[in-house]
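Undergrad: Sharing a structure, written as structure tokens. Questions coming.
The values are calculated or read from the model by the stated rules, or taken from the named source; none is laboratory data. Because the structure is a prediction, the values reported are computed rather than measured. Note that each Cβ is placed from the backbone with ideal geometry, even for glycine, and that neighbours are counted across all protein chains shown. What goes into the accessible areas is simple: the full protein's heavy atoms, side chains included, and nothing from ligands, DNA or RNA. Shrake-Rupley method; radii C 1.70, N 1.55, O 1.52, S 1.80 Å.
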Amino acid sequence: MLVVPEGSSRQRADRFVADMTGLSRSFVQRLIADGRLVHDGAPVKANTVLAPGTTVELEIPPAEPAYHLTPDPTIAVRTVYEDGDLLVIDKPAGLVVHPAPGHWQGTLVNGLLARGDDFGGIAGVQRPGIVHRLDRDTSGLLMVARHDASQASLMAQLKARRVKKTYLALVQGQVAAAVGRIEAPIGRDPRDRQRYAVTADGRAATTGYRVRERFPGWTLLELDLVTGRTHQIRVHLDAIGHPVAGDRVYGTGTSRRGPEGLERLFLHAWRLELTSPSSGRLIRAEAPLPPELGSVLEQLRLEASDHPGGPAGRA
């Protein structure tokens, strides 16, 4: 239990807790994001201003046992672009990007370390070279920095929204507008802290989309990830009534099952456009749909050809 001293100035919750406990502010912010700081039983946000006399309770989870990052040559790392600054990896669905509590082995990072390369270290020992990530169930392109200067450059480009990330997603239903933009803040779902949702007090989030192909009951979209919130595409599409096919977290019924033959989330990071950290030239990389997703589309096209009166066709 922590009490803001009487007579002290008002201050942000994350700064107050860090000062009182000696914990790093970034660690405190992660605890707060997980709902571990409460006042009168309600979670407190990191930027909440605490008045003198306010009492808050902080839950610190048990320390994770020490770990060692072990190279794992059995984890295939498919590189679609490579130079002295960075790699662009085509990550398969089902592969976790970097180690985390409870999951220290079997990640993309373990596979990268088996290459014997050096990677940027400014994001922390458990994230060598990592500047952004993809969900376990999402496939596609991921940048990996080969040295600290490259990692700093790529992280700065992401923060300034100068990296263009385009995804492909199959969603339930007929998306009415051929082109659209979803602007809705995203935060932790107050009813389930393991999920995210559109919330009034969430972080600003923007997703652009274009209809690429239509099928009876489904629409294939190209999506531009303007911001990079956790589960952003999945949350935004569910919020407008078009959940991603095969989404076992946000989907229900038909959308959760997806079309016949779909056995995973139909979300793929298809294209990346960024600026070279060294030369300043434009780098563009693409990863085609993996076979397990491509075959689902082929089946939908075949079914649509048998029903020419349906809403099938390329936009």
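Undergrad: Plugging the Kirkwood radius over Cα pairs into Stokes-Einstein for the chain, at a temperature of 20 °C and a viscosity of 1.002 mPa s, what D comes out in µm²/s?
TA: My calculation gives 99 µm²/s for D.
Undergrad: Along the Cα-to-Cβ line of S295, 7 Å from the Cα, sits a label point; which residues in the stretch 262-283 have backbone N less than 11 Å from it?
TA: Residues 262-263 qualify, since their backbone N sits under 11 Å from the label point.
Undergrad: Through the Karplus equation 6.51 cos²θ - 1.76 cosθ + 1.60, θ set to phi - 60°, convert the phi angles of the stretch 85-91 into ³J(HN,Hα) values in whole Hz; use x for Gly and Pro.
TA: Result, rounded to whole Hz: 9, 7, 10, 10, 9, 9, 7.
Undergrad: Cα axis of helix 291-305 to longest principal axis of the chain: angle in degrees, 0 to 90, nearest 10?
TA: 50
Undergrad: Still on this structure, I have one more. Along the Cα→Cβ direction, 7 angstrom out, place labels at S278 and R12. What is the inter-label distance in nm?
TA: Reported label-point gap for S278 and R12 is 3.7 nm.
Undergrad: Answer rounded, prolate or oblate for the stretch 100-204, using the Cα gyration tensor with square roots of eigenvalues a ≥ b ≥ c: rounded when a/c is under 1.5, else prolate when a/b is larger than b/c, else oblate.
TA: In terms of gyration-tensor shape, prolate.
Undergrad: Show the residues, 5+ positions off or on another chain, whose built amide H is closer than 5 Å to the amide H of V131.
TA: A145
Undergrad: Sticking with this one: Which Rg and Dmax, in Å, describe the Cα atoms of the stretch 23-155?
TA: Just the Cα atoms of the stretch 23-155 yield Rg and Dmax of 18.0, 56 Å.
Undergrad: Quick check: Cα centre of the stretch 20-45 to Cα centre of the stretch 138-210, how many Å?
TA: Between the Cα centre of the stretch 20-45 and that of the stretch 138-210, the gap is 24 Å.
Undergrad: Skip the ligands, DNA and RNA, and give the accessible area per residue of the chain with a 1.4 Å probe, whole Å².
TA: So the chain comes to 49 Å² accessible per residue, rounded to a whole number.
Undergrad: Using packing as a proxy for protection, rank 2-11, 28-37 so that the peptide with the highest average count of other Cβ atoms within 10 Å comes first.
TA: 28-37, 2-11
Undergrad: Now, a different point. With labels modelled as points extended 7 Å from the Cα through the Cβ direction, what inter-label distance (nm, one decimal) is found for R248 paired with D72?
TA: Between R248 and D72, the simple spin-label model gives 1.8 nm.
Undergrad: With +1 on each Lys and Arg Cβ and -1 on each Asp and Glu Cβ, how big is the dipole of the chain about its Cα centre, in debye rounded to the nearest 20?
TA: 660
Undergrad: With charges only on Cβ, +1 for K and R and -1 for D and E, what is the dipole size of the stretch 206-315 about its Cα centre, in debye, rounded to 20?
TA: 320
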